[in-house]
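Scroll down for the structure; my scribbles are underneath it.
The values are calculated or read from the model by the stated rules, or taken from the named source; none is laboratory data. On a predicted model such as this, the values are computed, not experimentally measured, just so you know. Reconstructed Cβ throughout: ideal geometry from the backbone, glycine too, with neighbour counts over all protein chains shown. For accessibility, only protein heavy atoms count, side chains too; no ligands or nucleic acids. Shrake-Rupley method; radii C 1.70, N 1.55, O 1.52, S 1.80 Å.
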Amino acid sequence: PNAAHLHMNFGNTDVNAYSTWDTIQNSGGGTCNGGELNRTAYWVPAVFDQNGNVRVPDFANIYYKHDNPFDNPANIGYYPDNVQLVSKGITENEGQSFMCINEWGGDQSNRVIFIDQLQCPGGLVSGQAKRYFEQNVLFQNCWNGQDPANTNNFTVSMYSYFGGPCPSGFPQRLPNIRYRIRYTVEP
């Protein structure tokens, strides 16, 4: 409140600036698979087109996973109740990045960390595949065991987001949370 910018929300249908752990758990429907069984509140900053119109995503994939084949899955913990994370980094392995992509997953070599560095061509690839602007958000995956409502108690793993060890002082390894939000690029 009083310091907001426009957000695109996914998941809990009743989430707002005054939501709490209790209201998210016990009210609203769900826009994600599972309906009311998945009332998690997800959001990203709204994306505007060149005419100043808010773009509604075509696709939102939010997933939790762990990719490190050298780490025992038993070492991966659960996100604690009342966790409140804000992705705060600005590198390709921590925080938010943007890229142009086609619906087959091709053309991923143009990832940037600042949206104004990217221009995605519109139309179809080879006359068949839609082109998208994709927003990627990576969240912290190591926890120090302290207050889960304080995002400073979380950080990213070292060396590699998808498989590095947690740094000193953050002993609890957690699953990776990643958003992939896609918007059609008009011709």
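What to note about this one:
- Of the chymotrypsin sites (Phe, Trp or Tyr not before Pro) in region 132-187, those whose Cβ has at most 12 other Cβ within 10 Å and which sit in DSSP loop: Tyr159
- Cysteine residues of the chain whose Cβ has no partner cysteine Cβ closer than 4.7 Å: Cys32.
- Surface accessible to a 1.4 Å probe, Asp58 within the full protein complex, Å²: 80 Å²
- Surface composition of the chain: carbon plus sulfur atoms contribute 50% of the solvent-accessible area (1.4 Å probe, protein chains only, all chains present).
- Accessible area of the chain divided out per residue, in Å², using a probe of 1.4 angstrom: 58 Å²
- Counting charges near Ile181 (Lys, Arg +1; Asp, Glu -1) among other residues having Cβ under 12 Å from its Cβ returns a value of +2.
- Its relative contact order, with pairs defined as Cα atoms under 8 Å and 6+ residues apart, puts region 129-187 at 47 percent.
- Evaluated at q = 0.20 Å⁻¹: base-10 log I(q)/I(0), Debye formula over Cα of the chain: -1.47
- Loop-resident chymotrypsin sites (Phe, Trp or Tyr not before Pro) (DSSP state other than H, G, I, E or B) in region 1-57 with no more than 15 further Cβ atoms inside 10 Å of their Cβ: Tyr18.
- When the helices of the chain are scored as -39500 (n - 2.57) per DSSP H run of n ≥ 4 and the total is divided over every residue, the value at 222 nm lands at -500 deg cm²/dmol.
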